[in-house]
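Report on the following structure.
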Amino acid sequence: QVHLVESGGGLVQAGGSLRLSCAASGRTFSSYGMGWFRQAPGKEREFVASISWSARDTYYANSVKGRFTISRDNAKNTAYLQMNSLKPEDTAVYYCAAGPSAYYREPRFFNYWGQGTQVTVSS
């Protein structure tokens, strides 16, 4: 079992930045791929970014490529999502998730989920 807790969400103006953190506890964090997903009201949960257990491989949704950066610190059992040049359309609840592979971009391939953190970008 892996327990995930997100933090770092908030209200920011368009063009601003936020850094989300995902603290993990439980089974070996470093053996899991980590992902960030988001869900806006009335929409399905969508893939944002993921990172392999070694941090060697990262994947991004086209909508955030070049603006968001995913990283992890296995010594601290924490994953991060640095979000720059935020847009109003980035407004959503952001979830971190852990799974056996970072390659697959669908929620069903991730076994463990955090409770989510709200990100609101004002225009």
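The values are calculated or read from the model by the stated rules, or taken from the named source; none is laboratory data. Because the structure is predicted, anything quoted here is derived from the model rather than measured. Here the Cβ positions follow ideal geometry from the backbone for every residue, glycine too, while neighbour counts run over all protein chains shown. To get the accessible areas, we keep the full protein, side chains included, count just its heavy atoms, and leave off ligands, DNA and RNA. Shrake-Rupley method; radii C 1.70, N 1.55, O 1.52, S 1.80 Å.
Remarks
- Hits in region 64-76 (condition: modelled with pLDDT of 95 or more, assigned to a loop (DSSP other than H, G, I, E, B) and surrounded by 14 or more Cβ atoms within 10 Å (Cβ to Cβ)): Val64, Arg67
- Considering region 65-86, the residues that are of a type in the set (Ser, Thr, Tyr) and closer than 12 Å to Leu20 by Cβ include one that is farthest from the chain's Cα centre (by Cα), namely Thr78.
- For region 87-109, the candidate set comprises residues that are under 12 Å from the mean Cα position of the chain (by Cα) and aromatic (Phe, Trp, Tyr); within that set, the residue that is nearest to Gly9 (Cα to Cα) is Tyr94.
- The set of residues in region 34-51 that are assigned to a loop (DSSP other than H, G, I, E, B) and in contact with a Lys or Arg (Cβ under 9 Å, 6 or more places away or on another chain) contains only Arg45.
- Per the conditions (1) out of contact with any Gly (no Cβ under 9 Å at 6 or more places or on another chain); (2) outside any helix (DSSP H, G or I), the sole criterion not satisfied by Ser30 is (2).
- Within region 52-63, being assigned to a strand (DSSP E or B) and among the aliphatic types (A, V, I, L, M) holds for no residue.
- The selection criterion, being at pLDDT below 95, open to solvent by 30 Å² or more (accessible area, probe 1.4 Å) and not in a loop (DSSP other than H, G, I, E, B), holds for Ser25.
- Scanning region 95-116 for residues that are part of a helix (DSSP H, G or I) and open to solvent by 70 Å² or more (accessible area, probe 1.4 Å) yields one hit, Arg108.
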